[in-house]
Amino acid sequence: MASTIRSHFLQELDHLERETLTLGEMVAGALTEAARLLRAGDLEAAHRLIAWDKQVNRRRYATEEQALLVIATQQPVARDIRYVAAALDVVGELERVGDYAKGIASITLQLPEPLPPASLVLLDRMAAEAAAMLRESLAAFSQRDVLAARAIAARDDTVDADFRALFRQVMDWPREPETVLEMANFALWAGHNLERAADRVTNICERIVFTETGRWDWE
């Protein structure tokens, strides 16, 4: 009987994990798509991405409900409860990353003219790295890999460096015409969204470490 209960519990954990990973893949794809449509000025795709964010929200709350049901019906203990709690935390972080992608889509709709190519290069690079970090952090979550989580989080410095480079670029832009200030604001807004997305990945990595060790021994 006990083995049957445990087997059922592990099946529910596996389903919870798969739902979390599916949401993560959706959000990682949204980051790279947001950078693409910003570069292309694709207004139609921007509208679609903004509307699509509702799917992320629905999936986040459905996964949360599943996690809470596991807690209520299975009463997990110790490491198992930490894993379920981690899934709750991770899906919240993923939903916020989806919001950042939606924010970039909103910027695309408001730009008075295309951003300079040099700025787009940095934004593309930030989006690619944040998306790669996100996918790898979810693999580490699935594999309970503390060493990988620490290594992925360390790459946040690369995204931060690109954001600082973007800021320096913007500060060197001419002050005329009048649209330059508006463009600068949008460029930094897009960069900030990507920088924050990488920060959210770091949060996921911190959660992995705690889930596996039971300690906040991050440093």
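Using only Cα atoms and rounding to the nearest 10 degrees, what angle (0 to 90) does helix 43-74 make with the longest principal axis of the chain?
It is inclined by approximately 20 degrees.
How big is the C-alpha Rg of the chain next to the rule-of-thumb value 2.2 N^0.38 Å, as a ratio?
1.14
Mean separation of Cα pairs under 8 Å and 6+ residues apart, divided by the residue count of the chain: what relative contact order is that in percent?
28 percent
Which value results for Rg/Rh of segment 102-148 when Rg is the Cα radius of gyration and Rh the Kirkwood radius based on the inverse mean 1/r?
1.20
Compute the helix-to-body angle for 2-40: its Cα long axis versus the longest principal axis of the chain, expressed 0 to 90° and rounded to tens.
So the inclination is approximately 0 degrees.
We did not get these values from a lab; they are worked out from the coordinates using the rules stated. If you're wondering where the values come from, they're calculated on a predicted model, not measured in any experiment.
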